[in-house]
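*Asks:* Have a look at this one.
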Amino acid sequence: MKLTGVILAGGLNSRMGGSPKYLLPCGDEPLIGRQIKEMSRICEQLLVVTNTPERMAPVLKPYPGVSCIQDRYRQKGPLSGIHAASCAAASPFMWIVGCDMPRISADAAEAMAGHGLAENADAVIPVIAGRTHPLHGIYARSVNSAAENLLRQERYRVMGLLDALDCRRVDELFFEEKGIPTGFAANVNTPEDWIDMLGNMP
């Protein structure tokens, strides 16, 4: 299946002291570089949604072929990023992640995309330890109209989008049966989170 990989790189990063999470160091590259390499395994197009493309451009210079796009509805959270991506995606399905997720898994995304195609679903979302993770989800490009309707109504919750879609949720058993570790949805909110995660990353 052809996928567009999308990294949502907005947010104020207030709990990180205002420093962009996508610049957190992963070895000799920034976190976003690690994400790009993993997404490149299965994605034919890579988009970074950011409202500061001038700041992002030098970060992306070592990763040719990655495009920056901006929200059409500014500062409305992940929903506006999903909407912007759906307007720009070349592929019928998108794998969407947040820029604060260092353990993203192409294997998990590929399994979810296959499930979504088989079920003719609008979205496939992981549920890990009882928690729904709208990011690290698979979305059909056609969610554009539902996302735009919510934004025009000033309803900005991503869960509201999932409620408006034919969304399939897959839990730990789905991934475990395929031999896929389930830590891929973890994200970083604070410097302490990052220190803890570095100690547990391969």
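The values are calculated or read from the model by the stated rules, or taken from the named source; none is laboratory data. Just so it is clear, the model here is predicted, and its values are computed rather than measured. We place every Cβ from the backbone using ideal geometry, glycine too, and count neighbours over all the protein chains shown.
*Asks:* When you go through 142, 105, 91 one by one, which is the residue that is in contact with a Lys or Arg (Cβ under 8 Å, 6 or more places away or on another chain) and either hydroxyl-bearing (Ser, Thr, Tyr) or surrounded by fewer than 17 Cβ atoms within 10 Å (Cβ to Cβ) (or both)? Steps first, please.
*Replies:* Working: 142 fails: in contact with a Lys or Arg (Cβ under 8 Å, 6 or more places away or on another chain); 105 fails: in contact with a Lys or Arg (Cβ under 8 Å, 6 or more places away or on another chain).
On inspection, the qualifying residue turns out to be 91.
*Asks:* Taking residue 80 and the conditions (1) crowded, with 17+ Cβ neighbours inside 10 Å; (2) in a loop (DSSP other than H, G, I, E, B); (3) of a type in the set (S, T, N, Q), which numbered condition does it fall short on, given that it satisfies the others?
*Replies:* Every listed condition holds for residue 80 apart from (2).
*Asks:* Would you call residue 36 modelled with pLDDT of 95 or more, touching a helix residue (DSSP H, G or I) at 6+ places or on another chain (Cβ under 9 Å) and either charged (D, E, K, R) or assigned to a helix (DSSP H, G or I) (or both)?
*Replies:* Values: modelled with pLDDT of 95 or more: yes; touching a helix residue (DSSP H, G or I) at 6+ places or on another chain (Cβ under 9 Å): yes; either charged (D, E, K, R) or assigned to a helix (DSSP H, G or I) (or both): yes.
So residue 36 passes the test.
*Asks:* Working only within the stretch 42-66, note down all residues that are within 15 Å of the chain's Cα centre (by Cα) and either hydrophobic (A, V, I, L, M, F, W, C) or surrounded by fewer than 18 Cβ atoms within 10 Å (Cβ to Cβ) (or both). It would help to see each step written out before you state the result.
*Replies:* To start, the set of residues in the stretch 42-66 that are within 15 Å of the chain's Cα centre (by Cα) comprises 42-43, 45-50, 66.
Result: 42, 43, 46, 47, 48, 49, 66.
Matching residues to (1) in contact with a His (Cβ under 7 Å, 6 or more places away or on another chain); (2) surrounded by 15 or more Cβ atoms within 10 Å (Cβ to Cβ); (3) closer than 21 Å to residue 1 by Cβ; (4) among the charged types (D, E, K, R):
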site: 120; (1), (2), (3), (4): no, no, yes, no
site: 126; (1), (2), (3), (4): yes, yes, yes, no
site: 156; (1), (2), (3), (4): no, yes, no, no
site: 170; (1), (2), (3), (4): yes, yes, yes, no
site: 173; (1), (2), (3), (4): no, no, no, no
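*Asks:* For residue 72, indicate whether it is in contact with a His (Cβ under 8 Å, 6 or more places away or on another chain), of a type in the set (Lys, Arg) and surrounded by fewer than 23 Cβ atoms within 10 Å (Cβ to Cβ). If you could, list the steps in order and put the result at the bottom.
*Replies:* Details: in contact with a His (Cβ under 8 Å, 6 or more places away or on another chain): yes; of a type in the set (Lys, Arg): yes; surrounded by fewer than 23 Cβ atoms within 10 Å (Cβ to Cβ): yes.
The answer is yes for residue 72.
*Asks:* Condition (residue is charged (D, E, K, R) and either part of a strand (DSSP E or B) or more than 22 Å from residue 83 (Cβ to Cβ) (or both)) applied to the stretch 149-160: is it met by at least one residue? Let's see the steps before the verdict.
*Replies:* We begin by selecting, within the stretch 149-160, every residue charged (D, E, K, R); these are 152, 154-155, 157.
Remaining after also requiring either part of a strand (DSSP E or B) or more than 22 Å from residue 83 (Cβ to Cβ) (or both): none.
Looking through the stretch 149-160, none of the residues is charged (D, E, K, R) and either part of a strand (DSSP E or B) or more than 22 Å from residue 83 (Cβ to Cβ) (or both).
*Asks:* Among the residues of the stretch 170-192, are any under 27 Å from residue 44 (Cβ atoms), among the basic types (Lys, Arg), over 14 Å from the mean Cα position of the chain (by Cα) and not in a loop (DSSP other than H, G, I, E, B)?
*Replies:* Taking every residue of the stretch 170-192 in turn, none turns out to be under 27 Å from residue 44 (Cβ atoms), among the basic types (Lys, Arg), over 14 Å from the mean Cα position of the chain (by Cα) and not in a loop (DSSP other than H, G, I, E, B).
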